[in-house]
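Chemist: Before anything else, here's the structure in question.
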Amino acid sequence: MNETDKVKALVTDMFGQSLAVMTNPSVATFEQFERRGGMTQALIYVTISGVIAGLLSLLSGYGLTGLLVTTITVVVSFFIFVYLVHVIGQNQGGTGKLDEVAYTFALFKAPLNVLGGLITFIVGLLKWIPLLGGLVKFAGGLATFAIFILTIYYGYTAVRSSMNFYNQQDNGKVWITLVGAALVASLGSGIVLGILLG
């Protein structure tokens, strides 16, 4: 099996796992898959999703800059975020490993990256049509907000699973981990984006 075939098999396997965790989101479902891969597999999966989202951005009229910024931002922000989830989660008493956190988050984040790119593409394609363009932009905004809500829900469940916060009294630790990582990762991603855009 050559490297291309290995990547295809990895993506096919991870996509099946993504469907499972996204259609039946629970700690048990995430637990079922968290040890099937690690940081390397997560980064491959997320990078592929970033390239797809970047290509959709390019096709939406954002040019080569859209492609590069989207791809780099997706990968860098993912890495920063999962690392922070791991560090903050450990400081809250979690026992998960970085590989588990990365793999668990990749299972829902990669498909949501592609979905976000698809929304950008559809809005970019139809926004110029009088009257319909405004409706499409509004619907795109609603869909983007829905992705944000799903990311929080899946993220909460993934932190519980990957950092082994199983008890009800651990809910505060889960929120501290998730919100703390999101705030710091947003700042870090903003800095990277600022550097890229000069």
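Chemist: I want the local charge near ALA158. Using Cβ-Cβ distances under 10 Å, sum +1 for each Lys or Arg and -1 for each Asp or Glu among the other residues.
Modeler: Details: positive: LYS109, ARG160; negative: GLU34, GLU100.
Net charge around ALA158: 0.
Chemist: With 10 angstrom as the radius, rank ASP13, ASP5, ASP170 by how many other C-beta atoms surround their C-beta, starting from the fewest. Could the numbers behind the result be given before it?
Modeler: Working: ASP13 15, ASP5 9, ASP170 18.
By the 10 Å Cβ count, ascending: ASP5, ASP13, ASP170.
Chemist: Which angle between 0 and 90 degrees, to the nearest 10, do you get for helix 132-162 versus the longest principal axis of the chain when only C-alpha atoms count?
Modeler: 10 degrees
Chemist: Mind listing the phi-derived Karplus ³J(HN,Hα) values for region 179-187, rounded to whole Hz, using 6.51, -1.76 and 1.60 with θ = phi - 60°, and x for any glycine or proline?
Modeler: So the Karplus estimates, Gly and Pro as x, are 5, x, 5, 5, 5, 5, 5, 4, 5 Hz.
Chemist: To one decimal place, what Kirkwood hydrodynamic radius in Å is obtained for region 1-45 from all pairs of distinct Cα atoms? Before the final figure, lay out each step's value.
Modeler: Details: mean 1/r = 0.0896 Å⁻¹.
That comes to 11.2 Å for region 1-45.
Chemist: Measuring from centroid to centroid over Cα atoms, what is the spacing of region 132-157 and region 1-72 in Å?
Modeler: So the separation of the two Cα centres works out to 19 Å.
Chemist: With axes computed from alpha carbons, what is the tilt in degrees of helix 98-126 against the longest principal axis of the chain, rounded to the nearest 10 within 0 to 90?
Modeler: Around 20 degrees separate the two axes.
Chemist: Can you list the lysines whose alpha carbon is less than 25 Å from that of LYS8, not counting same-chain residues fewer than 8 positions off?
Modeler: Output for LYS8: LYS109.
Chemist: Apply 1/(1 + (r/R0)^6) to the Cβ-Cβ distance of LEU150 and GLU3, taking R0 = 22 Å, and write down the FRET efficiency to the nearest 0.05.
Modeler: Numbers: r = 32 Å, r/R0 = 1.47.
Efficiency, from the Cβ-Cβ distance: 0.10.
Chemist: Further, regarding this structure: Using +1 on the beta carbon of Lys and Arg, -1 on that of Asp and Glu, and nothing else charged, what's the dipole of region 3-197 about the Cα centre, debye to 20? Walk me through the intermediate numbers first.
Modeler: Values: 10 positive and 8 negative charges, 61 e Å.
The dipole of region 3-197 has a size of about 300 debye.
Chemist: Oh, and also: For helix 3-23, what angle does its Cα long axis make with the longest principal axis of the chain, in degrees from 0 to 90 and rounded to 10?
Modeler: 80 degrees
Chemist: Once phi is turned into ³J(HN,Hα) by the Karplus curve 6.51 cos²θ - 1.76 cosθ + 1.60 with θ = phi - 60°, what whole-Hz value does each residue of region 58-68 show in order, with x for glycine and proline?
Modeler: Values per residue, Gly and Pro as x: 4, 5, 7, x, 8, x, 4, 4, x, 4, 5 Hz.
Chemist: I'd like to know which of GLY117, VAL136, ILE176 lies farthest towards the positive end of the charge dipole of the chain, counting +1 on Cβ of Lys and Arg and -1 on Cβ of Asp and Glu.
Modeler: Comparing the listed Cα positions along the dipole, VAL136 ranks first.
Chemist: Something else about it: Please state the charge dipole magnitude for region 17-132, taken about the Cα centre, from unit charges on C-beta atoms (+1 on K and R, -1 on D and E), reported in debye and rounded to the nearest 20. If you can, show how the numbers build up before the last one.
Modeler: Values: 5 positive and 4 negative charges, 35 e Å.
So the dipole magnitude of region 17-132 works out to roughly 160 debye.
Chemist: Give me the distance in nm between label points sitting 7 Å out from Cα along the Cα-to-Cβ direction at ASN167 and ASN91, one decimal.
Modeler: Inter-label distance under the simple model: 2.2 nm.
Each value in this text was obtained by applying a stated rule to the coordinates, not by laboratory testing. All of these numbers come straight from a predicted model, not from anything done at the bench. Glycine gets a Cβ as well: all are built from the backbone with ideal geometry, and neighbour counts include every protein chain shown.
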